[in-house]
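Enquirer: One structure is given below, represented as structure tokens, and several questions about it will come after.
The values are calculated or read from the model by the stated rules, or taken from the named source; none is laboratory data. On a predicted model such as this, the values are computed, not experimentally measured, just so you know. Positions of Cβ are backbone-derived with ideal geometry, glycine not excepted, and every protein chain shown enters the neighbour counts.
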Amino acid sequence: KQFTPMVECPSEECKNNNSKGQLFLSTRASKFLPFQEVKIQEMADQVPVGHIPRTLTVHCHGTLTRQINPGDVIDVGGIFLPTPYTGFKAIRAGLLTDTYLEAQHVNQHKKAYEDLVFDAKTFRRIEQYKNSGHMYEYLSRSIAPEIYGHLDVKKALLLL
């Protein structure tokens, strides 16, 4: 989706005179509001085996923009709305439409690294992994665990 201002006059007077008056965008008289279209998908652990994660389009306005980053775990509250088709696509689609969520509230679950608190048990597990000598294998298996095998590719990704 892209902003395209009108360049020709749509008034009846211009149509009657067969003149296509040029229109110019006045940025001083215009009000631009922040907008962000976000695609969210269900968590990998909630996707049935062998299926593709479902996605949903979310429209954010105003202060809700730039709050969501790729990889964030979030809860979104909003209004579920249809996106009406226009033109020939509307005739062909009939009563079917795409849908989107008009965001009203966004709650992030993921915390910043500075906010994480480690206890003694976590430090012991990290030490066990470090002393085992198999850290390279552990890290390679942790990349895309839902994809079986391809350890060479996963190890190459670690080296990037």
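Enquirer: Among the numbered conditions (1) closer than 30 Å to Ile147 by Cβ; (2) not assigned by TED's automatic domain parsing to the domain that holds Thr97, tell me where Thr27 comes up short.
Expert: In the conditions (1) closer than 30 Å to Ile147 by Cβ; (2) not assigned by TED's automatic domain parsing to the domain that holds Thr97, Thr27 misses (1) alone.
Enquirer: Then there's this: In region 22-49, which residues are closer than 22 Å to Leu64 by Cβ, outside any strand (DSSP E or B) and not hydrophobic (A, V, I, L, M, F, W, C)?
Expert: Ser30, Lys31, Pro34, Glu42
Enquirer: In region 146-156, what residues are out of contact with any helix residue (DSSP H, G or I) (no Cβ under 8 Å at 6 or more places or on another chain) and either assigned by TED's automatic domain parsing to the domain that holds Pro48 or surrounded by 10 or more Cβ atoms within 10 Å (Cβ to Cβ) (or both)?
Expert: Of everything in region 146-156, those that are out of contact with any helix residue (DSSP H, G or I) (no Cβ under 8 Å at 6 or more places or on another chain) and either assigned by TED's automatic domain parsing to the domain that holds Pro48 or surrounded by 10 or more Cβ atoms within 10 Å (Cβ to Cβ) (or both) turn out to be His150, Val153, Ala156.
Enquirer: Filter region 50-60 for residues that are out of contact with any helix residue (DSSP H, G or I) (no Cβ under 9 Å at 6 or more places or on another chain) and part of a loop (DSSP other than H, G, I, E, B); which is farthest from Ile143 (Cα to Cα)?
Expert: By that ranking, first place goes to Arg54.
Enquirer: Surrounded by 10 or more Cβ atoms within 10 Å (Cβ to Cβ) and either at pLDDT below 85 or part of a helix (DSSP H, G or I) (or both) - does that describe any residue in region 67-77?
Expert: no
Enquirer: Where residues in region 12-58 are more than 30 Å from Ile79 (Cα to Cα) and either surrounded by 10 or more Cβ atoms within 10 Å (Cβ to Cβ) or touching a residue at least 24 places away in the same chain (Cβ under 8 Å) (or both), which of them is nearest to the chain's Cα centre (by Cα)?
Expert: Leu25
Enquirer: Quick one: is Thr63 exposed (fewer than 10 other Cβ atoms within 10 Å of the Cβ), out of contact with any strand residue (DSSP E or B) (no Cβ under 8 Å at 6 or more places or on another chain) and part of a loop (DSSP other than H, G, I, E, B)?
Expert: Values: exposed (fewer than 10 other Cβ atoms within 10 Å of the Cβ): yes; out of contact with any strand residue (DSSP E or B) (no Cβ under 8 Å at 6 or more places or on another chain): yes; part of a loop (DSSP other than H, G, I, E, B): no.
Spelling it out, it is not the case that Thr63 is exposed (fewer than 10 other Cβ atoms within 10 Å of the Cβ), out of contact with any strand residue (DSSP E or B) (no Cβ under 8 Å at 6 or more places or on another chain) and part of a loop (DSSP other than H, G, I, E, B).
Enquirer: Based on this model, can you work out whether Glu102 counts as more than 30 Å from Pro145 (Cβ to Cβ), without any contact (Cβ under 8 Å) to a residue 60 or more places away in the chain, acidic (Asp, Glu) and surrounded by fewer than 11 Cβ atoms within 10 Å (Cβ to Cβ)?
Expert: no
Enquirer: Based on this model, can you work out whether Lys89 counts as farther than 30 Å from Ala144 by Cα, out of contact with any helix residue (DSSP H, G or I) (no Cβ under 8 Å at 6 or more places or on another chain) and part of a helix (DSSP H, G or I)?
Expert: Values: farther than 30 Å from Ala144 by Cα: yes; out of contact with any helix residue (DSSP H, G or I) (no Cβ under 8 Å at 6 or more places or on another chain): yes; part of a helix (DSSP H, G or I): yes.
Spelling it out, Lys89 is indeed farther than 30 Å from Ala144 by Cα, out of contact with any helix residue (DSSP H, G or I) (no Cβ under 8 Å at 6 or more places or on another chain) and part of a helix (DSSP H, G or I).
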